[in-house]
Amino acid sequence: MRLLQRELERLGASIGRTAKTIQEQKEFMWENWRDMDAAEKAAMRTEVNTSVGVGDSAVMVRRHMERLLESPYFGRVDFRRADDGEGKGHYIGVHDFSDPQTQEILVHDWRAPVSSLYYDFELGEAHFEAPTGTVHGTIYANWTPTGRPGTPTISST
């Protein structure tokens, strides 16, 4: 939760900087409009539009983060890959979230290939389609939080 909160704060600061940049670009454009030729005007409009796109994207990501902060995940599946024997828990949520430092996926989007383990299989042998091919292994635990926060329903072998 702290990592999500820090990332949300970082995004807020980034959105603020982007808004300031857009305002400065527009002011520069209006102050110098008469002295610009057509190519300079087009380049300036492109710059402003690019900044607006960056800001819009950051706002969308912030909305996702806010939603994750309310409820970071709704399920977890612990899967042991057949090729390495090491098990790993995969949290499933409404949006994905990665550690900004390591890029490790901490919460998988419910539409991600690995999420099919949660939806399509019970405990035991399972597989999912990854970009590199089919990954086989064993689900050794899965759970879904119950109505009370912090009270999961757990199945394990």
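Residues considered: Tyr119, Tyr73, Tyr140. Largest GNM mean-square fluctuation over the chain, using C-alpha springs under 10 Å, is found at Tyr119.
Explain nothing, just the number: relative contact order of the chain, from Cα pairs under 8 Å at least 6 residues apart, as a whole percent. Relative contact order here is 18 percent. Note on Met36: accessible area is roughly 30 Å² with a 1.4 Å probe, heavy atoms of protein only.
Note on the chain: with a GNM built from Cα contacts shorter than 10 Å, the maximum mean-square fluctuation among Asp96, Asp84, Asp56 falls on Asp84. Mean separation of Cα pairs under 8 Å and 6 or more residues apart, divided by the residue count, gives the range 1-73 a relative contact order of 57 percent.
Using only the alpha-carbon atoms, how far is helix 38-70 inclined from the longest principal axis of the chain? Give it as 0 to 90 degrees, nearest 10. The angle comes out at about 30 degrees. Local charge for Asn32 was computed over the other residues whose Cβ lies under 14 Å away, with Lys and Arg +1 and Asp and Glu -1, and equals -3. Straight-line reach from Lys20: taking Cα to Cα under 15 Å and skipping same-chain neighbours fewer than 8 places apart, the aspartates and glutamates in range are Glu47, Asp56. The residues of the chain present an accessible area of 66 Å² per residue when probed at 1.4 Å with all protein chains retained.
Compared with the dominant Cα axis of the chain, that is its longest principal axis, helix 2-32 is turned about 20°.
For the chain, a Kirkwood radius taken over Cα pairs fed into Stokes-Einstein (25 °C, viscosity 0.890 mPa s) yields D = 131 µm²/s.
Per atom type, the range 1-46 shows carbon and sulfur on 53% of its accessible surface, probed at 1.4 Å. Using a 10 angstrom cutoff on alpha carbons, build the Gaussian network for the chain and name the most mobile of Phe79, Phe121, Phe28. Sorting by GNM fluctuation, first place goes to Phe28.
The values are calculated or read from the model by the stated rules, or taken from the named source; none is laboratory data. Note that the structure is a prediction, hence the values are computed from the model and not measured. Because the Cβ atoms are built from the backbone with ideal geometry, glycine has one as well, and the counts that use them run over all protein chains shown. Accessible surface areas use protein heavy atoms only, side chains included; no ligands, DNA or RNA. Shrake-Rupley method; radii C 1.70, N 1.55, O 1.52, S 1.80 Å.
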